[in-house]
Ligand SMILES: C[S@@+](CC[C@H](N)C(=O)[O-])C[C@H]1O[C@@H](n2cnc3c(N)ncnc32)[C@H](O)[C@@H]1O
């Protein structure tokens, strides 16, 4: 099978466009949901959060505004520069590190690690996935939790009503962005799928011409429950303690429409407990 050119980095070089297009999440509510999930699984008071593939770091800014110590990891210098700008704008302190989620280390220790919005799908192979879990595991305190957000698996099989739309328009005070996002060409052997995203800024460019849309596509992993459970076991540092259908402890992971994404909650195992798995 001919391989597609795969490059998502273009997207992350245009952080503002990306951010407007994906600005539909209720970040405050998601942060409340994360803290409630943490409390439900034994961490009632979260004092520090690490985000893998943090992008614009909206969740970290929200947590930092509540007095929680926050550290973000991302591969993209442009995304991190954008995230830092937003922190300065909001006068909140978040520390950032430019690093690959599969190969980072930090001396910081945290109670909660998060990897949201299917960013973990950038870990395409099992080796990538295990490496990222081990890096996150090393930063967590004993009993600490990790929350990973995935695309709901039904999206890959088009079973039941579609949970997400493929075309939408989002705007901020100055700019509207028309977005198209598609998942196509699943590869059942690699368990990957081709993501294609087009972002079209709705402003006149030079000479009144419409600006060129930004087009990107990349292969990402189709994480299903079983394959994720396998890499968690192989990591030797976590156990899965919960599955949810939203960032909400009251929404179970099932085929009902309210479960529109897939969340796994992992607990760090005591040192040595995962050996021999
Ligand atoms: C879809 S964005 C999501 C950002 C953020 N998690 C959120 O919820 O808004 C994915 C982010 O993953 C980052 N990324 C992709 N591959 C990465 C890797 N191997 N290590 C660290 N960051 C990565 C990109 O630079 C981008 O900022």
Under the helix-only model (-39500 (n - 2.57) for each DSSP H run of 4 or more, divided by the residues of the chain), the mean residue ellipticity at 222 nm, to 500 deg cm²/dmol, is -8000 deg cm²/dmol
Can I get the semi-axes of the range 55-203's equivalent ellipsoid? Compute them from the C-alpha gyration tensor as square roots of 5 times the eigenvalues, in angstrom, largest first. 28, 24, 14
Give, in nm to one decimal, the length gained when the segment between residue 230 and residue 32 is fully stretched (0.36 nm per residue of separation minus the Cα-Cα distance). 68.4 nm
For the range 42-94, alpha-carbon Rg relative to the globular expectation (2.2 N^0.38 Å, N residues): 1.10
With a Förster radius of 35 Å, plug the Cβ-Cβ distance of residue 39 and residue 189 into 1/(1 + (r/R0)^6) and report the FRET value to the nearest 0.05. 0.30
Got a sec? How would 139, 180 order by Cβ neighbour count within 10 Å, fewest to most? 180, 139
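Tell me, what is the FRET efficiency for residue 174 and residue 91 to the nearest 0.05, using R0 = 25 angstrom and their Cβ-Cβ distance as r?
0.70
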Over the chain, what relative contact order in percent results from Cα pairs under 8 Å that are six or more residues apart? 19
What order do you get for 254, 74, 246 when you list them from fewest to most C-beta neighbours inside 10 Å? 254, 246, 74
In nm, give the distance between the simple-model label positions of residue 24 and residue 66, each being 7 Å from the Cα along the Cα-to-Cβ direction. 2.5
Fewest-first ordering of 237, 87 by Cβ atoms within 10 Å yields 87, 237
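Taking only the C-alpha atoms, wrap a convex hull around the chain and report its volume per residue in Å³ as a whole number.
In the chain, the Cα convex hull volume per residue is 134 Å³.
Here, each number is a calculation from the coordinates, and none is a lab measurement. Worth saying up front: this structure is predicted, and the values here are computed from it rather than measured. Cβ: placed from backbone, ideal geometry, glycine included. Neighbour counts: every protein chain shown.
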